[in-house]
1. Given (1) among the β-branched types (Val, Ile, Thr); (2) at pLDDT 85 or above; (3) not in a loop (DSSP other than H, G, I, E, B), where does THR152 come up short, assuming only one miss?
2. Restrict the check to the range 123-140 and report whether at least one residue is under 18 Å from TYR67 (Cβ atoms) and without any contact (Cβ under 8 Å) to a residue 40 or more places away in the chain.
3. Looking only at the range 197-209, which residues are part of a loop (DSSP other than H, G, I, E, B) and either modelled with pLDDT of 65 or more or under 22 Å from ASN163 (Cβ atoms) (or both)?
4. Pick from the range 2-40 the residues that are more than 19 Å from the chain's Cα centre (by Cα) and among the hydrophobic types (A, V, I, L, M, F, W, C): which of them is modelled with the highest pLDDT?
5. Just checking: which of the helices (runs of 4 or more DSSP H) contained wholly in the range 1-67 hold 2 or more residues that are assigned by TED's automatic domain parsing to the domain that holds LYS81 and among the aliphatic types (A, V, I, L, M)?
6. Only one of ILE167, ILE142 is at pLDDT below 80 and of a type in the set (Val, Ile, Thr). Can you tell me which?
7. Taking SER124 as the residue in question, decide whether it is within 18 Å of LEU54 (Cβ to Cβ) and either in the same structural domain as TRP178 (by TED's automatic domain parsing) or in contact with a Lys or Arg (Cβ under 6 Å, 6 or more places away or on another chain) (or both).
8. Is it the case that the range 2-12 has a residue that's polar (S, T, N, Q) and buried (at least 20 other Cβ atoms within 10 Å of the Cβ)?
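The values are calculated or read from the model by the stated rules, or taken from the named source; none is laboratory data. None of the values given here were measured: they were computed from a predicted structure. Note that each Cβ is placed from the backbone with ideal geometry, even for glycine, and that neighbours are counted across all protein chains shown.
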Amino acid sequence: MNKFSNHIYLSISPISRVSVSQYKTQDTLMSFLDEDQHNRLEKMTNLTRREEFLGVRSILFELYQKYELCLGQSLTSQAVKLTQDEFGRPYLMQARVSSRANEGAVKPKPKVQELQNDSLPSVSLSHTKQWLAAAISDQSRIGIDIEIPIRTVSEALKRRFFNQQEIQEGIFCDHPVWLWVIKEAVVKCIGMGIQADLTKIVVRIVDANTCASKNWSIERHSSMPKGEEREYLFYASYSTKEWFEGKLWSHPSYVCAIAIPSLNIGGNSE
């Protein structure tokens, strides 16, 4: 499937002080999470990690409800659930119908190629120490990443994940975390996460005020005012075989990027 949407739903939010126990009393949220998500949560012993896990899924669920309203339908009534594939990429699925025949059966983790579903949008999640981010789109794929601006990108990380031109030239010399979140968003869009070779991702960034994409638009559902943000458009390629585009937001409190497959092969804006 190679489907493109002209609309993306985005939410950026500071981490709430809502406790894990309060999250778990939200029946609709807990019903939204598939069995594997509950299993992951139960294995987490760190309270902060548990709050991040539930917090980002909570804003995704709220975003999905807004998505449904925009479509004029209610898919959650059909028991849509959130789960993850073998690489950890989150995706939406219709709830399985249980029966006595399959009770207790071990469900194998689906392969990436088995996840395509034209009736459900793609999703992506990210969280850092203070921030949560979620995105929904009718794209076949989407990736999002968020970090705090003061995150340290060590020289060792640069050598491991950036190519030499990126290390030595351009805006990323002063803002390496910008490049980090863009590459993270791209590999999430690819679907392999950090297992992909980040040095094979080549990024070109431009000011969105001078070169705006006409292929898609973004509907923001963020709790922070946009006045302090600086917005950029970027293009990226992976091993010169796959092409992506997206947006980067630089805010005093966070840096966030989204990436989608590009209609503009080679990053051509025409």
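1. Only one criterion in (1) among the β-branched types (Val, Ile, Thr); (2) at pLDDT 85 or above; (3) not in a loop (DSSP other than H, G, I, E, B) is unmet by THR152, namely (3).
2. no
3. Of the range 197-209, the ones part of a loop (DSSP other than H, G, I, E, B) are 197, 208-209.
Listed by number, the list holds a single entry, ASP197.
4. Residue satisfying both the conditions and the ranking: MET30.
5. Working: elements: 20-23, 27-32, 35-43.
Those helices (runs of 4 or more DSSP H) span 27-32.
6. Numbers: ILE142 fails: at pLDDT below 80.
Every option except ILE167 fails the conditions.
7. It is true that SER124 is within 18 Å of LEU54 (Cβ to Cβ) and either in the same structural domain as TRP178 (by TED's automatic domain parsing) or in contact with a Lys or Arg (Cβ under 6 Å, 6 or more places away or on another chain) (or both).
8. Let us first name the residues in the range 2-12 that are polar (S, T, N, Q), namely 2, 5-6, 11.
Narrowing further to those that are buried (at least 20 other Cβ atoms within 10 Å of the Cβ): 11.
Yes, because at least one residue in the range 2-12 is polar (S, T, N, Q) and buried (at least 20 other Cβ atoms within 10 Å of the Cβ).
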